[in-house]
Amino acid sequence: MHVDLTRGSVRGGLIRFSLPLIAGNLLQQLYNLVDTWVVGRYLGAAALAAVGSAFSLMVLLTSLLLGLCMGSGVVLSNLWGQGRREELKTALVNAFGMIALMALALTLLSYALLGSIAALLRVPAEAAPDLTAYLRVIFGGIFFVFLYNFFAAALRSVGNSAAPLVFLLVSTVLNVALDLYLVLGAGWGVAGAAWATVIAQGVSALGIMGYFFLRMPELCPGRRHFRLDGGLLRRVAGISLLTSVQQSIMNFGILMIQSLVNSFGIPTMAAFAAGVKIDSLAYSPAQDFANGFATFVAQNRGAGRQDRVRQGIRQGAALSLGFCAAVSALVYVFAEPLLGLFLESGEAEILRIGAGYLRLEGVFYLLIGLLFLLYAIYRGLERAGMSVVLTVISLGLRVALAYAFAPAFGVMAIWLSIPVGWLVADAVGLLGLRKALAAR
């Protein structure tokens, strides 16, 4: 199903295009939730802490590829809005080659550093073997992550957000089934959870790639498109690399926070692992809506519809912030029951720490929702450098404040540093927005 974002109702188009993105990311979150539930319930707090640390690391690594794919999608959306189909296909080939090489290099580098990761993350000795066992398998899925996200970005750039959802749904069901079988039935421990995820990622990657070449002939490049185009490659690389830097900075900051959290011991690590999963699930729809909004901005900018860009910003902000306000209330009220999905009833200390984290963060989801929207607007305008600036402000403040005050004030200083970073970045982004729109 294609959605033409340059015509018709702005609100209706945004909703129709974004709903599959939201559903797809919720399914991706389910990958991690299933791992967390199975590991936390059946393998214990040390294994849960290890998987939580591995999750933060994998988010950092895959964010490099995700940012590259998202950035290339903006260029493809702009070319699609301009009706420049031949250039779009050439850009697609150039982008694929560039990002594929980076995916292979990232995989090799990850395995080369495997032996020192536990020490870098300050993982306690009792959790280190589980972390290594999990990562040894999960690194094998990095190229699958690239394949899925690249072809998903290509499809979404032309208004097709439904097809990626179908393949995620299939792989999620497979992931759940394999998690239960490999961890509980076969007794493979944390490695079984990792194998379940990698196999499911492979299915979604190969499935969406097959769909692209069999069902999207208008996008499939021919022999004449397999050439190096310096101008297009520089354009794709420019926004893709900046988007990748923005994504990696964001997740590197999260990884540094994870390392600081790890220094407080297994209960805090386990609470943070469960809390972050719920946290991410709660505001991920706002992030996915924003990613869809970047496509809206890029297509309409390419079509010369600046009026729709401005109208979309107003309506998109109302939709996103309204959702964030509702989710904030739900997470605040149901913090303990949500954490109880991943923790045994006797884990009172972990539950107390996790509930404190969720309740504090949940109050400020409006700030992260606005920041996601600002990232998307600047990316859609091909001003990805501003997204990097906002990310540096948000994460830099978060890390600086956490490391400065956590030794004296404990984990509460870590929790409080997060919304402070969001707030300052929002203020800077809003101040620059008028100028960015006027320049187009």
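Counting other Cβ atoms within 10 Å as a rough exposure proxy, the listed residues Ile266, Ile278 run Ile266, Ile278 from fewest neighbours to most. The angle between the Cα long axis of helix 10-42 and the longest principal axis of the Cα atoms of the chain comes to about 20 degrees, rounded to the nearest 10.
Look at the dipole of the chain built from charges on Cβ: of Val327, Ala237, Leu135, the Cα furthest out on the positive end belongs to Ala237. Just so you know, the Rg over Rh for the stretch 271-343 is 1.17, from Cα atoms, with Rh as the Kirkwood radius. Here's the picture: charge each Lys and Arg Cβ at +1 and each Asp and Glu Cβ at -1 in the chain, and of Phe372, Met209, Val10 the one pushed furthest to the positive end of that dipole is Val10. Taking a Cβ cut-off of under 14 Å around Cys220, the surrounding Lys, Arg, Asp and Glu residues balance to a net charge of +3, with basic ones at +1 and acidic ones at -1. Sequence-ordered 3J(HN,Hα) estimates for the stretch 318-330 from the Karplus curve with 6.51, -1.76 and 1.60 and θ = phi - 60° stand at 5, 5, 5, 6, x, 5, 4, 5, 5, 5, 4, 5, 5 Hz, glycine and proline given as x.
Ranked by how many other Cβ atoms sit within 10 Å of their own Cβ, fewest first, the residues Met269, Met412, Met250 fall in the order Met412, Met250, Met269. Just to confirm the number: angle between the C-alpha axis of helix 128-138 and the first principal axis of the chain, 0 to 90 degrees, nearest 10? So the inclination is approximately 30 degrees. In this simple spin-label approximation, Leu169 and Leu437 carry label points 7 Å from Cα along the Cα→Cβ vector, and these lie 3.6 nm apart.
What's the angle, to the nearest 10 degrees (0 to 90), between helix 411-438's Cα axis and the longest principal axis of the chain? Helix 411-438 and the main axis of the chain meet at about 10 degrees.
Would you kindly state how much longer the chain becomes between Leu109 and Arg41 on full extension, computed as 0.36 nm times their sequence separation minus their alpha carbon distance, in nm to one decimal? Mind dumping the intermediate values first?
Details: separation 68, 0.36 × 68 = 24.48 nm, distance 3.24 nm.
Gain on extension, Leu109 to Arg41, equals 21.2 nm.
Using a cutoff of 8 angstrom between alpha carbon atoms and counting only pairs six or more residues apart, the relative contact order for the chain works out to 25 percent.
Give me the dipole magnitude in Debye, nearest 20, for the chain about the Cα centre, with unit charges on the beta carbon: positive for Lys and Arg, negative for Asp and Glu.
Details: 30 positive and 19 negative charges, 387 e Å.
Approximately 1860 debye in magnitude.
Here the residues Ser320, Ser53, Ser110, ranked from fewest to most Cβ neighbours within 10 Å of their Cβ, fall in the order Ser110, Ser320, Ser53. Once backbone amide H atoms are built at 1.01 Å from N, Asn160 has Val3 as its partners under 5 Å, excluding neighbours fewer than 5 places away on the same chain. Here the 3J(HN,Hα) profile of the stretch 378-384, calculated from phi with Karplus coefficients 6.51, -1.76 and 1.60 at θ = phi - 60°, is 5, 5, x, 7, 6, 10, 5 Hz, Gly and Pro shown as x.
For the stretch 1-145, the gyration tensor built on C-alpha atoms gives an oblate shape. Its axis ratio a/c (a ≥ b ≥ c) is at least 1.5, and a/b is not larger than b/c.
Show that you can apply the helix-only estimate: for the chain, add -39,500 (n - 2.57) for every DSSP H stretch of four or more residues, divide by all residues, and state [θ] at 222 nm to the nearest 500. Show your work: numbers first, answer last.
Working: 16 runs with 363 residues, N = 440.
Helices in the chain give a 222 nm mean residue ellipticity of -29000 deg cm²/dmol.
The phi-based Karplus calculation (6.51 cos²θ - 1.76 cosθ + 1.60; θ = phi - 60°) puts the 3J(HN,Hα) values of the stretch 386-392 at 5, 4, 5, 4, 5, 5, 4 Hz, whole numbers, x for Gly and Pro.
Each reported figure results from applying straightforward, stated rules to the coordinates on display, with no laboratory input. Just so it is clear, the model here is predicted, and its values are computed rather than measured. Methodologically, a virtual Cβ is constructed for each residue, glycine included, from the backbone with ideal geometry; neighbour enumeration extends over all protein chains shown.
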